[in-house]
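See structure below.
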Ligand code: SF4
């Protein structure tokens, strides 16, 4: 994991002092609300429906056990004993007091964490695949590049007042798990014919009111030019992005209105002035950043573990969990474990402070003291010996963290919605729960198979509903909470936006509608077909017919 | 005389800012004074504006780009960049372009909604003079330039990014 040096520590300390000063001035009435607003947002602080909300960055999803314990402490001491993992590899606390925030930030700084630029019209937390560095068939570990981008984007003096928020994702794995194509900039690590590492650069992807899949503006950008090229894209956006209408201010609209060809020309033109300048990355810097992400001290183990095979044969519940929650690891004898935070009755992505401490201990015992969080709002122990999986599962069970529904319909991605968020049109957490209850039968759930279901409480699409196989969006219908359903979205290598099935539904209808949708799939699927494959083959009509069929 | 922060010091401001949509005859009131005129006015009336006594500088609104100044650029002692509202970040890019791409060496002055908490980033982007909004306390604002001791990026104040220095 990246470790701060004196420079990083100093800048973070400067930032906290700056924000403490700003908060004091605001509380004394010396700084007006509208002027304090972007300052607090760029330090992660929202004012929500019930209380302030603090969003803390988990850079590209990496956490140490020490950091997670600190988050548990903050949850206990400054909040109500829990936190919420978001779809952008951040964690949110819903109940801190405004006056406490500078102190919370100081606590975070002790463990090299912060809330910088987790909100506001600036460059946000850079995200990546939660299996980076461990995945099989990885092209290259994305994390050193993410760290390079993190540093470049942190306190970038030119891009703190962009037209709108700006999100960058990097993917170095063969199977994209980072939703890279729906980011303002999506960077795919690629290798040229000569073995040189570079990036395929996508621009203008995003969800929200106008969902768009990013467009390629460069098929190969040699890695040393990464930052100068990002500077060039951001400058064109900062200068030309629309500022007259917040719904048209994202870069996707600029790219659309300019046309991708002309946009590319503008970027390349701007880049000419920057290319090969001082911001060009050096081998020394790549090496410096890579050294933090070297493999942990793996043991040399056989690929198969007799203990594991025995436990799988003897315990069907363990086998069920193993089949869903354990993924292949690049190193023989190791596995990647996903701890699914989607227990029915708990808001998706929520975790208590006790669970945080517990998981931190597990990370120390089983996974070199490191964890990751995913945009699916789950936690990953990335380096577990196969022979230890059974013991790990038993431990997880003791804290009810053994949900074996990863990737299934009840592994719902869900924003905080109307229960917390002041922008919401409708609640989303109770919808998630009602669907989880409807599909409580584990064997049926497994029979249905891989199916992503995403819920957003409003058009801002924090729950990424556009790219859920089933997407649910809260809408306001004459003051009442309604839900629009879309089908066929996906966020893997074949990213697709869902199609709206038709008129929206009342809250109590939603689980039944989801059930009908699933039934149409089950009836139509051919052997081995996943939901989205069946959908792509048969189209939306059979689903429409079933969902809106009049009862006889 | 109005005050200005220049190179981290409070000084008297000798320049008079001329409003948008001004005409040549409006300038008569300022005989002999140094004026900062809007870009559009400058482009239309450059020759005649320069015939008056007193120096002339130009200010750009946030939607105007420094390239519009063409080759006049290097003859201008001051170029002012307006912030219609502090959250409009376009002038940060304009300042960087002026310094880094166009090689402008004169004063780059922030005008308009210029507030204490944006001064540090502005100075990193190449602004070196700040005509603060009326209600701002200049003495107290000076501390803003020390908000941070270091920065990661390549910027006008530190063209060599941190990764080449650490
Ligand atoms: S999607 Fe809307 S309701 Fe949900 S968290 Fe985002 S802004 Fe709030």
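The values are calculated or read from the model by the stated rules, or taken from the named source; none is laboratory data. Keep in mind that what you see is a predicted model, and the values were worked out from it rather than measured. Here the Cβ is made from the backbone with ideal geometry for all residues, glycine too, and neighbour counts use every protein chain on show.
Quick notes on this structure:
- Checking every residue in the stretch A:422-437 against the condition of being touching a residue at least 24 places away in the same chain (Cβ under 8 Å), surrounded by fewer than 21 Cβ atoms within 10 Å (Cβ to Cβ) and more than 16 Å from the ligand (Cβ to nearest atom) gives at least one match.
- A single member of A:332, A:360 is more than 16 Å from the ligand (Cβ to nearest atom), not in a helix (DSSP H, G or I) and not assigned by TED's automatic domain parsing to the domain that holds residue A:438, and it is A:332.
- Any hit, the stretch A:130-143, residues being crowded, with 22+ Cβ neighbours inside 10 Å and within 23 Å of residue A:415 (Cα to Cα): yes
- Residue in the stretch A:438-455 that is crowded, with 24+ Cβ neighbours inside 10 Å, more than 14 Å from chain B (Cβ to nearest Cβ) and within 11 Å of the ligand (Cβ to nearest atom) present: yes
- The helices (runs of 4 or more DSSP H) found wholly in the stretch B:77-166 and carrying at least 2 residues that are within 18 Å of residue B:66 (Cβ to Cβ) and at the interface with chain A (Cβ under 9 Å from one of its Cβ atoms) occupy B:90-96, B:119-124.
A quick yes/no check of all residues on (1) over 27 Å from residue A:365 (Cβ atoms); (2) within 14 Å of chain B (Cβ to nearest Cβ); (3) modelled with pLDDT of 95 or more; (4) within 16 Å of the ligand (Cβ to nearest atom):
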position: A:382; (1), (2), (3), (4): no, no, yes, no
position: A:387; (1), (2), (3), (4): no, no, yes, no
position: A:390; (1), (2), (3), (4): no, no, yes, no
position: A:393; (1), (2), (3), (4): no, no, yes, no
position: A:400; (1), (2), (3), (4): no, no, no, no
position: A:408; (1), (2), (3), (4): yes, no, yes, no
position: A:412; (1), (2), (3), (4): yes, no, yes, yes
position: A:420; (1), (2), (3), (4): yes, no, no, yes
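- Counted as qualifying within the stretch B:15-72 are the strands (runs of 3 or more DSSP E) with 3 or more residues that are within 18 Å of residue B:127 (Cβ to Cβ), namely B:56-60.
- Count of the stretch A:99-124 residues which are under 21 Å from the mean Cα position of the chain (by Cα) and part of a helix (DSSP H, G or I): 1
- If only residues of the stretch A:459-473 that are near the ligand (Cβ under 6 Å from one of its atoms) and surrounded by fewer than 24 Cβ atoms within 10 Å (Cβ to Cβ) are counted, the one that is farthest from the chain's Cα centre (by Cα) is A:460.
- Qualifying residue in the stretch A:290-310 (condition: under 30 Å from residue B:96 (Cα atoms), within 14 Å of chain B (Cβ to nearest Cβ) and in contact with a helix residue (DSSP H, G or I) (Cβ under 6 Å, 6 or more places away or on another chain)): no
- A residue that is under 26 Å from residue A:170 (Cα atoms), in contact with a helix residue (DSSP H, G or I) (Cβ under 8 Å, 6 or more places away or on another chain) and surrounded by 20 or more Cβ atoms within 10 Å (Cβ to Cβ) occurs somewhere in the stretch A:393-411.
- Complete set of residues in the stretch A:277-296 that are without any contact (Cβ under 8 Å) to a residue 40 or more places away in the chain and outside any helix (DSSP H, G or I): A:278, A:294
- Residue in the stretch A:260-276 that is outside any helix (DSSP H, G or I), touching a helix residue (DSSP H, G or I) at 6+ places or on another chain (Cβ under 6 Å) and at negative phi present: yes
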